[in-house]
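Novice: Pasting a structure here, questions to come.
The values are calculated or read from the model by the stated rules, or taken from the named source; none is laboratory data. This structure is a prediction, so every number in the text was calculated from the model and none was measured. Backbone-built Cβ (ideal geometry, glycine too); neighbour counts: all protein chains shown.
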Amino acid sequence: MNGYLPRIIIADKSNLFREGLKSLIETKKMGEVVDMASDFEVLTDIIRNGCFFEIVIIDTALPGGSGIELHEFLSKNKKSTAILFVSDNDDFEAVMKYRKIDVKGYLSKNGYVEQLSDAILQLSQGHDYYQPQLVPKLNSVLLKSKQDNKLLLELTRRELEVLKSVASGMMNREIAMQLKISERTVKNHIASIFKKIKVSDRTQAAIFAIRNNLIQIH
C-alpha cells in the first residue's frame with residue numbers, strides 16, 4: 001500500500017494476536033496502528049479520549065461488548081469509522097447480522113495476508129470488504145432479501161398480521177378470535193398471502209416470516 005497510511009486501532013482479547021497483527025500491518029506498510037485494546041471498555045475509552053483513527057479492526061468475540069454495540073457507539077459519537085470484523089471462524093449468520101447494520105468489513109482470522117491488505121485498502125477508500133469465499137453466498141442471500149422486500153410491499157396491514165400469527169403457530173380459529181374476524185376471512189387472507197409471497201403451505205410462510213424478522217425466535 002503506497003502513499004498515505006490509514007490510522008488503525010486493533011481490538012482483540014489476545015495480546016499475542018494484537019502485537020502480531022500490529023507488526024504485520026506496519027512491516028507490510030498497510031497502515032499505522034495508533035492504539036490497541038484488549039476489551040470493549042478500553043476500546044471505547046480510547047475513542048472517547050479523542051484518538052484520531054479511520055479503521056477499527058475488532059475481534060467479533062471481544063470481551064465486554066459486541067460488534068453491534070461498537071457500531072451503535074460510533075454512530076452516537078458521530079465517528080465515521082470503518083469497522084473490520086475479524087473472527088476465529090466463518091460464522092455466516094454473524095456476517096449477515098453485521099451486513100444488516102451496514103458494517104463495512106469482515107475477515108476470518110484464517111484469511112491471508114493479501115486479504116488483510118486488500119481489506120484495509122478498500123475500507124480506507126470508503127468501500128466494503130468481505131472475505132472473498134463468503135461473497136457468493138452473501139450476494140445470494142442479499143438478492144433473496146431484496147426479492148422478499150418486494151413481496152412484503154404487496155401485503156396489506158391485515159395480511160401482515162395474519163402472516164405473523166400463522167408463523168407463530170396459531171390455527172385459523174385462534175387467528176380469527178384474536179383479530180375479531182371470521183374463519184372464512186382468515187382463510188381468504190391466508191390464500192392471498194400464499195399467492196403474494198409465492199409459498200404453498202404454512203411452514204414455508206413461517207420460514208418467510210422468520211427470514212424477514214416478522215417474528216422473533218427465542
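Novice: Restricting the search to segment 40-72, which residues are among the aromatic types (Phe, Trp, Tyr), out of contact with any Leu (no Cβ under 8 Å at 6 or more places or on another chain) and farther than 21 Å from Gly126 by Cβ?
Specialist: none
Novice: Here's a follow-up. Quickly run through segment 1-44 and pick out the residues that are charged (D, E, K, R) and either under 24 Å from the mean Cα position of the chain (by Cα) or closer than 20 Å to Val113 by Cα (or both).
Specialist: Scanning segment 1-44 gives Arg7, Asp12, Lys13, Arg18, Glu19, Lys22, Glu26, Lys28, Lys29, Glu32, Asp39, Glu41.
Novice: Considering every residue within segment 30-39, establish whether at least one is farther than 19 Å from Tyr4 by Cα, assigned by TED's automatic domain parsing to the domain that holds Ile120 and surrounded by fewer than 19 Cβ atoms within 10 Å (Cβ to Cβ).
Specialist: yes
Novice: Please go through segment 5-29 and give me each residue that is among the hydrophobic types (A, V, I, L, M, F, W, C) and either closer than 25 Å to Gln125 by Cα or not assigned by TED's automatic domain parsing to the domain that holds Thr60 (or both), ordered by number.
Specialist: Result: Leu5, Ile8, Ile9, Ile10, Ala11, Leu21, Leu24, Ile25.
Novice: Ok, one more. Could you please give the count of residues in segment 121-162 that are touching a Gly at 6+ places or on another chain (Cβ under 8 Å), among the small types (Gly, Ala, Ser) and at pLDDT below 90?
Specialist: Going through segment 121-162 one residue at a time, the tally reaches 0.
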